[in-house]
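Asks: Input: one structure, supplied below.
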Amino acid sequence: MVADNPYADQTARNTGAPWLGGGPAVDVDLDGLRDYATVMTNQQQDIASRTAYLLPLGQMPGEAFDGEVLGEADAVRARLVANAGELTVYLQKLAESVGNIGNAARVVANSYGTGDALSAASLNDVLFAYGDKTAPRPRGLADNVGATAQDLRTAVGPPVPAATSTDWEPTSAARISAYQTLETAAGPNGERREILTFVPPGGPVTTTTTIYRASGETDSSVTTRTSTEQTDDVRITVQETFGADGNKTGTTETRERYEGTDTVGRSTEIRDASGQAVQRTIEITDSVTREQVTVTSERDDKGDLVETNRVITGIRTDGQPATPAPIADRYRVNG
């Protein structure tokens, strides 16, 4: 996954539909729309069930170029495994997108009941079904019907545990390929968590955590890409976070400086989606006394980083072999 869309021109051509703007309303058969939603759901399940057939794509290159090989062969192996990993992630997103389209179609059909209200519907009705908060509510829609796709995803029910919650019970851990692993866990109310980790040779570690509700719908999907670089005595770790739509949501960069095996300095900067720093923490440790100073700065209303906290940890002492006698003992009359 990359921060920028490498196919921006193709995306613009595929999604550009000027004929939608200001055109006449389209008459839609509600029963047909419900059938369409069912077909899309079946397609989502079919795509998900066929991903297992792709396992050899990631396994065979590792077996073909195993052991000590030429650099060119290792490069071919890495490229083939990386391509297999990207195809796997693509199919996961494709299945999720197909399911979302089916859900939205079902919402539109259910919103208008058995009537033919869509004869006068506009594009805004579809946008409303997809959860667009700027789209007006369809005319004549009762208050108690017409939940959006987003509303259905966040329907009242037990809250889904956070991705790092201890409520998840591991259920399986499988190696998909030489560089990919898939871990699954079950939630307390029928939820499912999948963690797909991709570790290519010499490349960044990519981890995609997807949480599914008990109904099978995707609750959240977050991808992190972590890369580490060593320059002299400084180690730089950059972790980029991406949302379900593939857009970057934030970056955390950590720099650590060493003297021998001791860490004498660490700085952590958190940036938002636009790359602007929102928080910075600097830790400085004296290599001799081990005195540590930690300074935290956060972005204020003006967009400037200002110091919000400073913690100083005292110097290291040699300690004492035993608790000394109270000072008052030397002044006691009877010993």
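Asks: Report ³J(HN,Hα) in whole Hz for each residue of segment 242-255, in order, from the Karplus equation J = 6.51 cos²θ - 1.76 cosθ + 1.60 where θ = phi - 60°; Gly and Pro get x.
Replies: 10, x, 5, 7, x, 7, 5, 10, x, 9, 10, 10, 10, 10
Asks: Based on the alpha-carbon gyration tensor of segment 232-313 and its eigenvalue square roots a ≥ b ≥ c, which shape applies: rounded if a/c is under 1.5, prolate if not and a/b is larger than b/c, or oblate?
Replies: Here segment 232-313 falls in the oblate category.
Coordinate-derived values only; no laboratory data. In this text, all values refer to a predicted model and were calculated from it rather than measured experimentally.
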